[in-house]
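The values are calculated or read from the model by the stated rules, or taken from the named source; none is laboratory data. Computed from a predicted structure; not experimentally measured. Here Cβ is always computed from backbone atoms with ideal geometry, including for glycine, and neighbour counts include all displayed protein chains. Heavy atoms of the whole protein, side chains included, go into the accessibility calculation; ligands, DNA and RNA do not. Shrake-Rupley method; radii C 1.70, N 1.55, O 1.52, S 1.80 Å.
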Amino acid sequence: MIKATKNIQVEKLTFADHNLLQNLCGEHDKHLRLLEKLEQIKVKPWGNHLSITGDEAAVLKITLLLKQLYTLMEKGWHIHFSDIDYAHRILTEDIHFELARVFLDTVFISSKKRVITPKSITQRHYIDSMRNADMVLAIGPAGTGKTYLAMAMAVSHLLEKKVQRIILTRPAVEAGERLGFLPGDLAEKVNPYLRPLYDALYDMVDMEKATALINKGLIEVAPLAFMRGRTLNDSFIILDEAQNTTSEQMKMFLTRLGFNSKAVVTGDITQIDLPTKKSSGLIEAQNILKKVDAIHIVHFSQVDVVRHPLVADVIAAYASFDNENKSGKHK
């Protein structure tokens, strides 16, 4: 329901192609219903037209959103339900942003024929940083695409022969668990920690091809401790869960970078599983390296979460809870 206001406005839009308009509206107009949940507006379709009624600012935003998405469809883009939410988030952050700069920027097409593109302004900035810088730090909450987009960029570089191999690594640290308590030899002990990297890899490249690349040494998945003493040339290196590195481990990793290589470091500094007395190497690195122009640091927020919409709400709720606790302690 639209709240009573002096600034109620009605905007009427006309679209030339009825089939494209149907896709824009979604099955049973589900895309329009989502827009009505996101903003205080009503959208009514009839024939080749849409009317948008509501607050002036909301009507302007939804009008721009629908016009831009329709233009994308004219260029061959098929709109999915999640795209409506992504487009709304982007224009909420910057009403003048050109959606084509995000939606038409293909990073990689996976083995499942899924087109991987940025879903937010920050993701677009992250992709540009990985293209233009040899070292990138990506910091933010879970579900913002930090590791997934880095993996897509790495696979793209390997297949285009821009690098000779991919190296994926994580510190073997998790909440309350130690390697010694896990069954099996060293490889079996560390494998559970590396599983998320394998999952992302298999989403980009089919398992058979990925296994062949691993067997040839073109893709290496290993715990961070295995990086010590190495110089990594012609490589795309991803350090995941970097908030769980110690200061010494982070410095060790950052100094492994060789010629014609890229390093991407990802982590969430709100989910540190290190022992209490240990400081996070990722927090230290962002403070030390922020003035180094050649190193790009990208910060994500709950606005960039590309999982279920509830994930962003959970992150925001926890952030609010933490802030209240901190302010309470200082009173």
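State which residue is nearest to residue 271 (Cα to Cα) when the search covers only segment 130-146 and only residues that are buried (at least 24 other Cβ atoms within 10 Å of the Cβ) and touching a Leu at 6+ places or on another chain (Cβ under 8 Å). That would be 137. Got a number for residues in segment 60-77 being under 18 Å from residue 9 (Cβ atoms) and surrounded by fewer than 16 Cβ atoms within 10 Å (Cβ to Cβ)? Within segment 60-77, residues that are under 18 Å from residue 9 (Cβ atoms) and surrounded by fewer than 16 Cβ atoms within 10 Å (Cβ to Cβ) number 1.
Annotation note: of 177, 241, 208, the sole residue that is open to solvent by 60 Å² or more (accessible area, probe 1.4 Å) and either modelled with pLDDT of 90 or more or touching a Lys or Arg at 6+ places or on another chain (Cβ under 8 Å) (or both) is 208. Checking each residue in segment 285-331 for being open to solvent by less than 100 Å² (accessible area, probe 1.4 Å), modelled with pLDDT of 85 or more and of a type in the set (D, E, K, R) picks out only 304. Out of the residues in segment 7-23 that are loosely packed, with under 13 Cβ neighbours inside 10 Å and either part of a helix (DSSP H, G or I) or of a type in the set (S, T, N, Q) (or both), which is modelled with the lowest pLDDT? Top of the filtered list is 7. Considering 257, 282, the condition of being modelled with pLDDT of 90 or more, surrounded by 20 or more Cβ atoms within 10 Å (Cβ to Cβ) and touching a strand residue (DSSP E or B) at 6+ places or on another chain (Cβ under 8 Å) is satisfied by 282 alone. Of all the criteria given as (1) of a type in the set (Phe, Trp, Tyr); (2) open to solvent by less than 50 Å² (accessible area, probe 1.4 Å); (3) assigned to a helix (DSSP H, G or I), the one not satisfied by residue 236 is (3).
Picking from residues in segment 24-59 that are within 14 Å of residue 81 (Cα to Cα) and among the charged types (D, E, K, R), the one that is most open to solvent (accessible area, probe 1.4 Å) is 37. Would it be correct to say that residue 303 is among the hydrophobic types (A, V, I, L, M, F, W, C) and not in a helix (DSSP H, G or I)? Spelling it out, it is not the case that residue 303 is among the hydrophobic types (A, V, I, L, M, F, W, C) and not in a helix (DSSP H, G or I).
Going residue by residue through segment 113-122, is there one that turns out to be part of a helix (DSSP H, G or I) and crowded, with 20+ Cβ neighbours inside 10 Å?
yes
Looking only at residues in segment 78-94 that are touching a residue at least 12 places away in the same chain (Cβ under 8 Å), in a loop (DSSP other than H, G, I, E, B) and closer than 18 Å to residue 25 by Cα, the one that is most open to solvent (accessible area, probe 1.4 Å) is 78.
Each row is one residue, and each column tells you yes or no for (1) in contact with a helix residue (DSSP H, G or I) (Cβ under 6 Å, 6 or more places away or on another chain); (2) in contact (Cβ under 8 Å) with a residue 60 or more places away in the chain; (3) over 23 Å from residue 301 (Cβ atoms).
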| residue | (1), (2), (3) |
| --- | --- |
| 37 | no, no, no |
| 45 | yes, no, yes |
| 67 | no, no, yes |
| 96 | no, no, no |
| 104 | no, no, yes |
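Regarding residue 125, is this residue part of a loop (DSSP other than H, G, I, E, B), of a type outside the set (S, T, N, Q) and open to solvent by 60 Å² or more (accessible area, probe 1.4 Å)? Explain how you work it out, then say what you get.
Details: part of a loop (DSSP other than H, G, I, E, B): no; of a type outside the set (S, T, N, Q): yes; open to solvent by 60 Å² or more (accessible area, probe 1.4 Å): yes.
Here the answer is no, as residue 125 does not meet what is asked.
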